[in-house]
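The values are calculated or read from the model by the stated rules, or taken from the named source; none is laboratory data. From a predicted model like this one, the values you see are computed outputs, not experimental measurements. Neighbour counts run over all protein chains shown; Cβ positions are idealised from the backbone, glycine included. Side chains are part of the model used for accessible areas, which takes the heavy atoms of the whole protein and leaves out ligands, DNA and RNA. Shrake-Rupley method; radii C 1.70, N 1.55, O 1.52, S 1.80 Å.
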Amino acid sequence: MDAPSAGYGIDGSAFLQRVEEHLSPIAPIMSFVVKKQMSDLNATPDSLTPEIARRFIDRMVSVLRTFAPVSRVEEIRDVLLREFRKAAPQFAEQMLYGGRA
């Protein structure tokens with residue numbers, strides 16, 4: 001059975017799990033940061049939408065900019081966007097090719 005968030009066009013649980021797998025090695029606090037950003041966005045893995053996931057990525061990148069080198073932040077941003085495209089392929093494609101200019 002699909003995750004509830006799949007109805008929104010994203011597998012929220014899988015997305016967040018993979019994001020945490022990428023971020024946890026950076027610093028032990030990253031798991032807390034993920035939970036805090038999700039709380040601030042008033043979202044759960046089950047209620048995650050592609051739009052909220054994109055805002056979540058932007059917020060995570062902002063947090064990382066406070067302590068990581070620019071090149072590392074851009075590398076992590078690319079990884080997060082890649083995970084977003086895996087979790088919400090139709091939305092990501094629409095954003096890239098059919099979305100706003």
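Figures for the structure shown
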item: Pairs, first more than 14 Å from PHE15 (Cα to Cα) and touching a residue at least 40 places away in the same chain (Cβ under 8 Å) in the range 74-86, second part of a helix (DSSP H, G or I) and open to solvent by 30 Å² or more (accessible area, probe 1.4 Å), C-beta under 8 Å, six or more apart; result: ILE76/HIS22
item: Selection within the range 65-88 - open to solvent by less than 60 Å² (accessible area, probe 1.4 Å) and of a type outside the set (Gly, Ala, Ser); result: VAL73, ILE76, VAL79, LEU80, LEU81, GLU83, PHE84
item: Leading residue by the ranking (least open to solvent (accessible area, probe 1.4 Å)) among those in the range 26-43 that are in a helix (DSSP H, G or I) and β-branched (Val, Ile, Thr); result: VAL34
item: Within the range 44-64, considering residues that are more than 12 Å from the chain's Cα centre (by Cα) and under 18 Å from LEU81 (Cβ atoms), the one surrounded by the most Cβ atoms within 10 Å (Cβ to Cβ); result: LEU64
